[in-house]
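Asker: This structure is in structure tokens; I'll ask about it shortly.
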Amino acid sequence: MNPRPLTVVLIVPTGVGASIGGFAGDALPVARAIAQVSDTLITHPNVLNGAQLYWPIPNALYVEGYALDKFAAGCWGLQPVHQNRIGLIMDCAIEPELQLRHLQAVDAARATLGLNITDCVLTDRPLQVELRISESGASWGTIGNPDSLLRAAEKLIKQARVEAIAVVARFPDDEGSLALENYRHGKGVDPLAGAEAVISHLIVRTFKIPCAHAPALSALPLDPYLSPRSAAEEIGYTFLPCVLAGLSKAPQFVTPTVGQASCLSQVLGGQDAHPTREKFYANRRDFESQDLWADRVDAVVIPATACGGSAILSLSGRSTVQIIAVGDNKTQMQTTPEKLGIKALQVNSYLEAIGVLVALRAGITPTSLGADISSLRCLSD
């Protein structure tokens, strides 16, 4: 009998200044390496997007952050696809020349990658994106006209029957700001990331369809001191290629039937969490066998100071999930496993985390590989 497939979730929260994964696709090497020791890797656009650079990882699932939270909570399942029909939303505030640059990038992706990108819609009003930095140092943002974004998405879904949506919004040019200068030099927080998450979350939450965002910005002047971690965003006029490549095979979202949803509500809010959860998963016979649910997750890899997100809190409540907290991926957050009462295996680096995953795949308790093994604990009445 073949052993159970190893399913790993890799999370690097968006806009928190992660030293690995807080820049332009610089967590891609980590994802590629973890995918080699996993049967399925579940991760999100912040990890896989590298502007015009991307890497096809056959066993990786590209899951937007809000959808990842719903998956981790057991509310949504992930249904792998061969290819999605992608629609494009463009902010009408984008200048005509910059619009044309993005449309040509889409045509290039259709011609060279064979992606199924079918229709484009301009928003009926400017989206009016504004950028913010919170007191904690994380980036976030607002959209002045969210209804315009939702109307455009609804048009693509109803008229063009798209299965995934890419959004290009005009972001404020922030040339000369300290935040942008720090980011270009490999320090600080990505000033765009938090606002990007707001845009994709809104569409995914409303329509339950894969979505990712690429900002439209004016080209920046050359900087001879540019950090390699930021360089992917400086080699062209658009960040769209990685978004389109990721969305082309992003899994669709599936939800429980009415009876199962009632059972799931007990899982999320009742006292009898574990037995009810097992009952929910045991009675999921009407779903396709390839659908992936939270009960299949074996391990989560997360920066050690950024464990406060919804997905990690949901998955940490499952006794069968190994939380691996990586110490040298520093962030602006201070939400460690200890502060949250999360049982986690602390490691220094992603190389060490990969070693833990190799042990899990082999059915070896990671702690048995160390020099010190504690004596067996005896339970008393």
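Asker: For residues that are over 10 Å from E64 (Cα atoms), open to solvent by less than 20 Å² (accessible area, probe 1.4 Å) and of a type outside the set (A, V, I, L, M), tally how many sit in segment 193-207.
Answerer: The total comes to 1.
Asker: Also, I was wondering about something else. Scan segment 237-251 residue by residue and report those that are open to solvent by 30 Å² or more (accessible area, probe 1.4 Å), farther than 13 Å from P56 by Cβ and not aromatic (F, W, Y).
Answerer: none
Asker: When only residues in segment 30-63 that are in contact with a Pro (Cβ under 7 Å, 6 or more places away or on another chain) and open to solvent by 10 Å² or more (accessible area, probe 1.4 Å) count, which is farthest from T255 (Cα to Cα)?
Answerer: Filtering segment 30-63 for residues that are in contact with a Pro (Cβ under 7 Å, 6 or more places away or on another chain) and open to solvent by 10 Å² or more (accessible area, probe 1.4 Å), the one farthest from T255 (Cα to Cα) comes out as Q52.
Asker: Do you know which of the residues in segment 168-186 that are assigned to a helix (DSSP H, G or I) and not polar (S, T, N, Q) is least open to solvent (accessible area, probe 1.4 Å)?
Answerer: Among them, the one singled out is Y183.
Conditions (1) open to solvent by 10 Å² or more (accessible area, probe 1.4 Å); (2) in contact with a Pro (Cβ under 8 Å, 6 or more places away or on another chain), marked per residue:
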| position | (1), (2) |
| --- | --- |
| T305 | yes, no |
| A311 | no, no |
| G317 | yes, no |
| G327 | yes, no |
| K330 | yes, yes |
| E338 | yes, no |
| G341 | yes, no |
| L345 | yes, yes |
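Asker: Here are some conditions: (1) within 12 Å of V301 (Cβ to Cβ); (2) touching a residue at least 40 places away in the same chain (Cβ under 8 Å); (3) not in a strand (DSSP E or B). I42 meets all but one. Which one does it not meet?
Answerer: That leaves (3) as the condition not met.
Asker: Right, here's the next one. Here are some conditions: (1) at pLDDT 90 or above; (2) touching a Lys or Arg at 6+ places or on another chain (Cβ under 9 Å); (3) assigned to a helix (DSSP H, G or I). R277 meets all but one. Which one does it not meet?
Answerer: Of everything listed in (1) at pLDDT 90 or above; (2) touching a Lys or Arg at 6+ places or on another chain (Cβ under 9 Å); (3) assigned to a helix (DSSP H, G or I), R277 misses just condition (1).
Asker: Kindly check whether there is at least one residue in segment 118-135 that is in contact (Cβ under 8 Å) with a residue 24 or more places away in the chain, in a helix (DSSP H, G or I) and more than 13 Å from P215 (Cα to Cα).
Answerer: no
For every residue, the table says whether it meets (1) closer than 20 Å to G17 by Cβ; (2) at pLDDT below 90; (3) assigned to a loop (DSSP other than H, G, I, E, B).
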| position | (1), (2), (3) |
| --- | --- |
| L156 | no, no, no |
| V162 | no, no, yes |
| A166 | no, no, no |
| G188 | yes, yes, yes |
| A212 | no, no, no |
| L222 | no, yes, yes |
| P228 | yes, no, yes |
| E233 | yes, yes, no |
| C242 | no, no, no |
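Quick grid of which residues meet (1) modelled with pLDDT under 95; (2) aliphatic (A, V, I, L, M); (3) touching a strand residue (DSSP E or B) at 6+ places or on another chain (Cβ under 8 Å):
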residue	(1), (2), (3)
V30	no, yes, yes
N46	yes, no, no
V63	no, yes, yes
L100	no, yes, no
Q104	no, no, no
T112	no, no, no
N116	no, no, yes
P126	no, no, yes
L131	yes, yes, yes
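Asker: Related question: Can you tell me which of G114, G77, G87, G141 is open to solvent by less than 60 Å² (accessible area, probe 1.4 Å), more than 20 Å from the chain's Cα centre (by Cα) and among the small types (G, A, S)?
Answerer: Residue meeting the stated conditions: G114.
The values are calculated or read from the model by the stated rules, or taken from the named source; none is laboratory data. Quantities reported herein were computed from a predicted structural model and do not represent experimental measurements. For neighbour counting, all protein chains shown are included, and Cβ atoms are generated from backbone atoms with ideal geometry for every residue, glycine included. For the accessible areas, the whole protein counts, side chains as well, though only heavy atoms, and no ligand, DNA or RNA atoms are used. Shrake-Rupley method; radii C 1.70, N 1.55, O 1.52, S 1.80 Å.
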